[in-house]
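Everything below concerns the one structure shown next.
The values are calculated or read from the model by the stated rules, or taken from the named source; none is laboratory data. On a predicted model such as this, the values are computed, not experimentally measured, just so you know. A quick note on method: Cβ atoms are made from the backbone with ideal geometry, for glycine too, and the neighbour counts reach across all protein chains shown. Surface accessibility is based on the protein's heavy atoms, side chains included, excluding ligands, DNA and RNA. Shrake-Rupley method; radii C 1.70, N 1.55, O 1.52, S 1.80 Å.
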Amino acid sequence: MKKILAMLTAVLAVASVLVGLSLAHSSSEQPAQALSGSSFDAGNIISDANFYDGGSLSTAAIQSFLSAQGGTCRSNSCLSNGRFSMNARGGDAMCSAVAGGSGLSTAQIISQVASACGISPKVMLVTLQKEQGLVTATNPSAATLQKAMGYACPDTGNGCDPAYAGVGNQMYWSAWQWKRYGNPAGTSAYFTWFNPGTHQIQYNVPTSCGTKTVTVANKATAALYYYTPYTPNTAALNNLYGTGDSCSAYGNRNFWRMYSDWFGDPSGRSTPIGSLDGLTAGVEQLSVRGWAMDGTANTSTFVDVYVDDRGTRLSANDSRPDVERAYPGRGALHGFDDTFPAATGSHQVCVYAVSADGQRNATLGCRSVYIQSGTPFGSVDTMRAVPGGIQVSGWAIDAETANPLTIRATVDGAATSVTAGNARADVGRAYPASGPNHGFSTTLAAAPGNHTVCLTGVNVGPKGADGLISPCRTVGVPTRDVFGSVDTMRLSGSTLTVGGWALDGSDVGPVTMKVTVDGSTRSFAATGTRADVGRSYPGWGPAHGFTTSYELGYGAHSVCVTAVGTKGASTQLRCATVTRSNTTPIGSFDGATATTGGIAVNGWAIDPDTTASIAVTVAVDATPTSLTANTKRADVGRAHPGFGDSHGWSSTIAAARGTHTVCATAIDSTGGTNPSLGCRTVVVP
């Protein structure tokens, strides 16, 4: 920001006032409807009494204000919790001595400077917000803090003078400068061009924007013009919380507006006062109570209650004897205690005291509230098929009563009443006003098949209506017979593997599996983990899988799988004939290459009857060499995924100089046919 220093010989422009304020306001900054740009008095922006009141806020009050306005601070640089330094300084004509120090809070710095220089802490707080938005900033940068008050940052574009940088420096020197503008005793009468009297004050830096004739009423208003030498035009005042036109300047407008929102009318005119004693969110309604009065008039006044951006005006004319005792002669009819409808959901509520003439206001407080619906609400934690029907559980509350709620549960439209009265400590913690006794758990009768299940809370009280606890769901109830699936019946070599899952639709207990191979039966429980079964049938859980294996000889074999339920009912899941035959090995003689001292050979071989590695014979001129096809061949694994990739073979076989015939043969793992993989002619040099 650009500010005027005592040593300058001309009024400098203030860049910060050339743009509309774009900083987000905290909730307590939201204005009442009554604050209007038409109330701005260019000649009396702030009274001397308000401007030079160094004791208007205590250190504790300053800290409380910063904490309330600062919101959720995201760093240690916020004014509400940051620690800063200020140099100790001796006294002069402007300020008495300040002790300074390191590790000072913003409130301590403001309090020291306000007391020493006789400048209101309110003025300093408003300037911090007007210049850099620091009062509400949640993560201000170091550069922003260095020019906190915009002091010694001229409009020439050369940056800020580092001699005045830092929060402590900025606070002290801005207050010192404000006092210097008043030409106090012991100083020269240097500052005269905005002294009380009539002046032509520019609207903005370009002279083409024109000037306004302003009769400056006091030293405090003059000090603001020395600090920011422009007055807002009509466009800026017509859009008090936004931007005007290209000739609009905003610095003094924003100072007046922020001071009015935070501390009342700065000009010293009658400002309403009061207290927000209670703000209670109810069921589809909001209750407020407190008191408010005009600063001078004895008549009853009003309060404006804003729920988000919708305002409701209430009369503050209830009897409050305590207010009358505190303000003798003003009467007791200044209280308000009202309840009015409010929409369900989260809201920001602000309450403002309004002056008797409706022209001024003062913030009594802002709070975030949640308005509860009168319609029952809750949660369905479980809705799943179980033996005998559909299990449902969860909780439900009607905010108008702490008594257990009735749930209307429908299965395909057929209704059953369920009482939500079970203890749920978690619900009690989340909704302490309603208590914990709002849980429910029951099983709804349902035949096998798909069903539409809906759970509706039955409304209690005059507000709200019956409401679904959650959207209706479709639940499939399985047959009550024994059922399941044989997912695997695979022969690998001599090993037959049989696997799958089975359930008893009438019981969650494990099913007995009977696997019969060629008339010989093996019985065991289906208790293996099958996560997919648990997901499909959560009421039974995942522990219903089975797997077993058999060694088979060559030939055809009869295999049958039967599931037997806990009550003796059985279902044959599958019968099949499995034939074990001796399959001829397969493979490839990939290469034979002459090398030093012999012939390098390689290839691969698989016996489809086994996943194990098999032997390969490589004959050089009828002289055999036995190899094992057990090296990694990723290409073979991809081509034959059921057998793995350890089926490659390679070796170097000694051979004399000359021409040789090399042949490879795959050896059957069970003594069957040994197929040739091919022959190669190789010349060893």
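Scanning the range 527-543 for residues that are surrounded by fewer than 20 Cβ atoms within 10 Å (Cβ to Cβ), assigned to a loop (DSSP other than H, G, I, E, B) and more than 35 Å from the chain's Cα centre (by Cα) yields a single hit, THR527. Residues that are open to solvent by 60 Å² or more (accessible area, probe 1.4 Å), within 15 Å of GLY587 (Cβ to Cβ) and not in a helix (DSSP H, G or I) within the range 632-656 comprise just one, SER650. Residues of the range 175-218 that are surrounded by 16 or more Cβ atoms within 10 Å (Cβ to Cβ) and in a loop (DSSP other than H, G, I, E, B): GLY182, ASN183, PHE191, PHE194, ASN195, TYR203, ASN204, VAL205, ALA217, ASN218.
Kindly indicate which of GLY290, GLY365, GLY278, GLY311 is buried (at least 21 other Cβ atoms within 10 Å of the Cβ) and assigned to a strand (DSSP E or B). Outline the logic, then answer.
On the way: GLY365 fails: buried (at least 21 other Cβ atoms within 10 Å of the Cβ); GLY278 fails: buried (at least 21 other Cβ atoms within 10 Å of the Cβ); GLY311 fails: buried (at least 21 other Cβ atoms within 10 Å of the Cβ).
Only one candidate passes the filter, namely GLY290.
For the range 321-341, filtered to residues that are open to solvent by less than 50 Å² (accessible area, probe 1.4 Å) and part of a loop (DSSP other than H, G, I, E, B), the residue that is modelled with the lowest pLDDT is ARG330. From the set of residues in the range 76-92 that are open to solvent by less than 40 Å² (accessible area, probe 1.4 Å) and assigned to a loop (DSSP other than H, G, I, E, B), which is nearest to TRP173 (Cα to Cα)? Result: LEU79.
If you filter the range 293-308 down to residues that are of a type outside the set (Asp, Glu) and part of a loop (DSSP other than H, G, I, E, B), you find that the one that is modelled with the highest pLDDT is SER300. Scanning the range 120-129 for residues that are open to solvent by 10 Å² or more (accessible area, probe 1.4 Å), among the hydrophobic types (A, V, I, L, M, F, W, C) and either in contact (Cβ under 8 Å) with a residue 60 or more places away in the chain or under 20 Å from TRP178 (Cβ atoms) (or both) turns up nothing.
Condition check ((1) among the aliphatic types (A, V, I, L, M); (2) under 25 Å from PRO266 (Cβ atoms); (3) under 38 Å from the mean Cα position of the chain (by Cα)) across all residues:
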{"site": "GLY90", "(1), (2), (3)": "no, no, no"}
{"site": "GLY100", "(1), (2), (3)": "no, no, no"}
{"site": "VAL113", "(1), (2), (3)": "yes, yes, no"}
{"site": "LEU125", "(1), (2), (3)": "yes, yes, yes"}
{"site": "GLY133", "(1), (2), (3)": "no, yes, yes"}
{"site": "GLY150", "(1), (2), (3)": "no, yes, yes"}
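Each row is one residue, and each column tells you yes or no for (1) out of contact with any Ser or Thr (no Cβ under 7 Å at 6 or more places or on another chain); (2) open to solvent by less than 60 Å² (accessible area, probe 1.4 Å).
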site	(1), (2)
VAL578	yes, yes
ASN582	no, no
GLY598	no, yes
GLY603	no, yes
ILE606	yes, yes
THR610	no, yes
VAL618	no, yes
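For ALA414, work out the one condition from (1) open to solvent by 70 Å² or more (accessible area, probe 1.4 Å); (2) without any contact (Cβ under 8 Å) to a residue 12 or more places away in the chain it doesn't fulfil. For ALA414, the failing item is (1).
Check ARG657, ARG633, ARG680 and return the single one that is more than 22 Å from SER494 (Cβ to Cβ), within 57 Å of the chain's Cα centre (by Cα) and among the basic types (Lys, Arg).
Numbers: ARG657 fails: within 57 Å of the chain's Cα centre (by Cα); ARG680 fails: within 57 Å of the chain's Cα centre (by Cα).
Result: ARG633 is the single residue among ARG657, ARG633, ARG680 that is more than 22 Å from SER494 (Cβ to Cβ), within 57 Å of the chain's Cα centre (by Cα) and among the basic types (Lys, Arg).
The criterion of being in a helix (DSSP H, G or I) and at pLDDT below 95 does not hold for ILE110.
Just to be sure before I move on: is GLN391 in a strand (DSSP E or B), open to solvent by 30 Å² or more (accessible area, probe 1.4 Å) and closer than 30 Å to ASN422 by Cα in the structure I sent?
Details: in a strand (DSSP E or B): yes; open to solvent by 30 Å² or more (accessible area, probe 1.4 Å): yes; closer than 30 Å to ASN422 by Cα: yes.
Here the answer is yes, as GLN391 does meet what is asked.
Each residue in the range 657-670 was checked for being buried (at least 17 other Cβ atoms within 10 Å of the Cβ) and in a loop (DSSP other than H, G, I, E, B), and 3 pass.
In this structure, VAL559 does satisfy being closer than 30 Å to LEU503 by Cβ and part of a strand (DSSP E or B). Among the residues examined, CYS73 does not qualify as assigned to a loop (DSSP other than H, G, I, E, B) and surrounded by 21 or more Cβ atoms within 10 Å (Cβ to Cβ).
Name the one entry in LEU128, LEU134 that is touching a Leu at 6+ places or on another chain (Cβ under 6 Å), assigned to a helix (DSSP H, G or I) and closer than 19 Å to TYR227 by Cβ.
Details: LEU134 fails: assigned to a helix (DSSP H, G or I).
Only one candidate qualifies: LEU128.
Here GLY457 meets the list (1) farther than 30 Å from THR406 by Cβ; (2) surrounded by 14 or more Cβ atoms within 10 Å (Cβ to Cβ) almost entirely, failing just condition (1).
How about the range 558-567: which of its residues are open to solvent by 20 Å² or more (accessible area, probe 1.4 Å) and either in contact with a helix residue (DSSP H, G or I) (Cβ under 8 Å, 6 or more places away or on another chain) or of a type outside the set (Lys, Arg) (or both)? Selection gives SER558, CYS560, THR562, VAL564, THR566. Consider the range 492-524 and keep the residues that are within 51 Å of the chain's Cα centre (by Cα) and among the charged types (D, E, K, R). The one that is most open to solvent (accessible area, probe 1.4 Å) is ASP507.
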